[in-house]
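Engineer: Let me begin by handing over the structure; questions about it come next.
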Amino acid sequence: MRVIGLTGGIASGKSTISNIFKNAGIPIIDADVVARKVVEKNSVGLTSLTKRFGNSILLDDGSLDRTQLGRKMFSDASVLKEVNDLLQPLIRTEIELQIQEAKKQNHPLIILDIPLLFEMHYETLCDEIIVVVVSVETQIQRLKNRNGLTKEEALKRIASQMSLEEKVKKADIVWTNEGSIEELEARVHQWLLENFRKK
């Protein structure tokens, strides 16, 4: 089984590519989905967060107020680090379990969709890594449109991750995503034909 890491900068279109793989029948392990799972109500992750940051990060029903926590994380680098220190071990354990499960099912290829792949050292779990790149201007515009962020907020979120230049240096495959979804779909399907379908 080949484990392909998929990453990129925030708002680079990584999730779109992940969905294209998913629609092609390729199993996806999505770190964002796992991250939500480890902070569900009454989970170890959410208990750890509330012990550290108090009930102000909770909604009325006792679930995590992701917007509130996000504001804290992206306005203070030390808070971002604390949250990662609390949650990343839980996230990694779950991702490793899902990889083992996929291996049992004899999937020849799985995609690890992980925004912080290099930052959290998931490259050790991957056979190859695809990095999706766009310009900073495109990232800002997409974050403004998608998340309703100001330019300053968007830049803070971009700055909280490893630069795309650094990610590109570490990548096995680099895909630029400044075009249409149709172009992306064609690229993914071509890559599958060249590297996977024949095997």
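Engineer: In whole angstrom, how far apart do the alpha carbon centroids of region 103-162 and region 43-72 sit?
Structural biologist: With region 103-162 and region 43-72 each reduced to a Cα centre, they are spaced 23 Å.
Engineer: Just name one of Val38, Tyr122, Ser63: the one whose Cα is farthest towards the positive end of the charge dipole of region 21-165 (beta-carbon charges, Lys/Arg +1, Asp/Glu -1).
Structural biologist: Selected residue: Ser63.
Engineer: I've got another one for you. Specify whether the C-alpha gyration tensor of the chain places it in the rounded, prolate or oblate class, a ≥ b ≥ c being the square roots of the eigenvalues: rounded for a/c under 1.5, otherwise prolate if a/b is larger than b/c and oblate if not.
Structural biologist: oblate
Engineer: Calculate, for Ile173 and Asn55, the FRET efficiency according to 1/(1 + (r/R0)^6) with r their C-beta to C-beta distance and R0 35 Å; round to the nearest 0.05.
Structural biologist: Working from the Cβ atoms, E equals 0.20.
Engineer: Calculate, for Ser180 and Arg66, the FRET efficiency according to 1/(1 + (r/R0)^6) with r their C-beta to C-beta distance and R0 41 Å; round to the nearest 0.05.
Structural biologist: 0.85
Engineer: Could you work out what % of the accessible surface of the chain is carbon and sulfur, using a 1.4 angstrom probe and leaving DNA, RNA and ligands out of the count?
Structural biologist: 50
Engineer: A 22 angstrom limit on the alpha carbon distance is what I want to check against. Which of Lys14/Lys156; Lys22/Lys81; Lys41/Lys104; Lys72/Lys156; Lys103/Lys167; Lys37/Lys167 exceed it?
Structural biologist: Long pairs (Cα-Cα over 22 Å): Lys22/Lys81; Lys41/Lys104; Lys103/Lys167; Lys37/Lys167.
Engineer: Right, here's the next one. May I ask which residue of Ser12, Leu86, Thr150 lies farthest towards the positive end of the charge dipole of the chain, with charges of +1 (Lys, Arg) and -1 (Asp, Glu) on Cβ and the Cα centre as origin?
Structural biologist: Projecting each Cα onto the dipole axis, the largest value belongs to Leu86.
Engineer: Treating only the Cβ of Lys, Arg, Asp and Glu as charged (+1, +1, -1, -1), what charge dipole size does region 31-106 show about its Cα centre? Round to the nearest 20 debye.
Structural biologist: The calculation lands at about 120 debye.
Engineer: What stretch of the chain, leaving out the sites themselves, is the longest with no GluC sites (Glu not before Pro) in a DSSP loop having at most 12 other Cβ atoms within 10 Å?
Structural biologist: Longest gap between qualifying sites, sites excluded: 41-177.
The values are calculated or read from the model by the stated rules, or taken from the named source; none is laboratory data. What you are looking at is a predicted structure, and each value in this text was computed from that prediction instead of being measured. So basically every Cβ, Gly included, is an ideal-geometry build from the backbone, and we count neighbours across all protein chains shown. Surface areas here come from the heavy atoms of the whole protein model, side chains and all, with no ligands, DNA or RNA. Shrake-Rupley method; radii C 1.70, N 1.55, O 1.52, S 1.80 Å.
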